[in-house]
1. Return yes when T231 is within 26 Å of the chain's Cα centre (by Cα) and surrounded by fewer than 21 Cβ atoms within 10 Å (Cβ to Cβ) and no when it is not.
2. Condition test on T175, is it touching a helix residue (DSSP H, G or I) at 6+ places or on another chain (Cβ under 7 Å), among the polar types (S, T, N, Q) and part of a loop (DSSP other than H, G, I, E, B)?
3. Just give me the residues in the range 183-203 being of a type in the set (G, A, S) and crowded, with 21+ Cβ neighbours inside 10 Å, in sequence order.
4. Any idea how many residues of the range 127-151 are part of a loop (DSSP other than H, G, I, E, B) and among the aliphatic types (A, V, I, L, M)?
5. Specify which of the listed residues (A272, A246) is more than 19 Å from M160 (Cα to Cα), at pLDDT below 95, over 19 Å from the mean Cα position of the chain (by Cα) and surrounded by fewer than 14 Cβ atoms within 10 Å (Cβ to Cβ).
6. In the range 182-231, which residues are free of Cβ contacts under 8 Å to residues at least 24 places away in the same chain and assigned to a loop (DSSP other than H, G, I, E, B)?
7. Quickly run through the range 259-276 and pick out the residues that are assigned to a strand (DSSP E or B) and farther than 21 Å from P221 by Cβ.
8. Give me the residue from the range 238-252 that is in a strand (DSSP E or B), in contact with a His (Cβ under 8 Å, 6 or more places away or on another chain) and of a type outside the set (S, T, N, Q) and, out of that set, farthest from T158 (Cα to Cα).
Amino acid sequence: MTEGSGAVGLAEPGAPQTRRSLRRVREPAARRRTSGAVVVGVLGELLITVGVLLGLFVVWQLFWTDVVAERAQDQVVEELGWARTPAGGTQEPEPDAVPAASPERRDAAPVLPEQPHATTFATLAVPRWGPDYVQPVSEGVTRRDVLDVLGIGHYPGTAMPGGIGNFAVAAHRNTYGKPFHRVEELQVGDPLVVQTQEAWYVYRVTSTQIVLPQDVEVIAPVPGEPGVEPTRAMITLTTCHPIFSARERFIVHGELDYWMPTDAGTPAELAAGEGS
């Protein structure tokens, strides 16, 4: 009892010691809360930073690559010297050049040999996409040195412009100048005008389709019929589908309508657009 009474009797003098004990208990908890807040704050700042960086990457990918690529591709066209430029200009005919009586020709067209990798050898104009649409066409379909830089790439081993077979090309639908961004607007009968230094080749759209990436028969000499010997000059455009995805491919097929020498003037399909 004495000890028990003594314990009770010491309550008043022992009160300060009890408060100090409580402070010692509370201080680690407070420090833990403070440390937790710091960690949460740092983590929040890191997430904000990552979000900003991701936002900047999206802006760079979807906007700035277009700005840089479009300038570079326009410059490539201008540096060719013989090509119709995005502003609608064409190389002036030689002073002694005599235009053909009928500029539209449907006989055998002149055909370039396949060019070295990353060499720009032609341009593509699509009146449906506006009078200023003129894009360089270069050899190869690798991203780093052709599609991301030069615009439209020619599938090696497929026909060259005007040649019997399938002149097959690829380009981005988004980013890096997005040369084929408006591909779904094309309609049967629309002209696709290819220019080389010697000739114009006016193809017309015959069909469009959506396929899987592994359906490579769309660029066969006779599209969709591997192993069949071609008898006509055709063109195929390939690009990603749907927009902002590479899940499928959007395909445009066309056939050569006519060709004409570059010194015979400008195809009517382009001249009409320039005059409107």
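1. Working: within 26 Å of the chain's Cα centre (by Cα): no; surrounded by fewer than 21 Cβ atoms within 10 Å (Cβ to Cβ): yes.
When the stated conditions are applied, T231 does not pass them.
2. Details: touching a helix residue (DSSP H, G or I) at 6+ places or on another chain (Cβ under 7 Å): yes; among the polar types (S, T, N, Q): yes; part of a loop (DSSP other than H, G, I, E, B): yes.
Answer is yes for this residue.
3. Here is the first cut: in the range 183-203, the ones of a type in the set (G, A, S) are 189, 199.
A199, the sole residue that qualifies.
4. 3
5. Working: A246 fails: over 19 Å from the mean Cα position of the chain (by Cα).
From the options A272, A246, the qualifying one is A272.
6. Those that are free of Cβ contacts under 8 Å to residues at least 24 places away in the same chain and assigned to a loop (DSSP other than H, G, I, E, B): V188, G189, Q214, G224, E225, P226, G227, V228, E229.
7. Pass one, the range 259-276, residues assigned to a strand (DSSP E or B): 259-261.
Within the range 259-276, M260, P261 meet the criteria.
8. Residues of the range 238-252 that are in a strand (DSSP E or B), as a first pass: 238-241, 248-252.
Those left that are additionally in contact with a His (Cβ under 8 Å, 6 or more places away or on another chain): 239-240, 248-250.
Right, trim to of a type outside the set (S, T, N, Q) and you get 240, 248-250.
Values: C240: 19, E248: 21, R249: 18, F250: 18 Å.
Only one residue fits best here, namely E248.
The values are calculated or read from the model by the stated rules, or taken from the named source; none is laboratory data. Just so we're clear, the structure is a prediction, and the values are computed from it rather than from any experiment. Neighbour counts run over all protein chains shown; Cβ positions are idealised from the backbone, glycine included.
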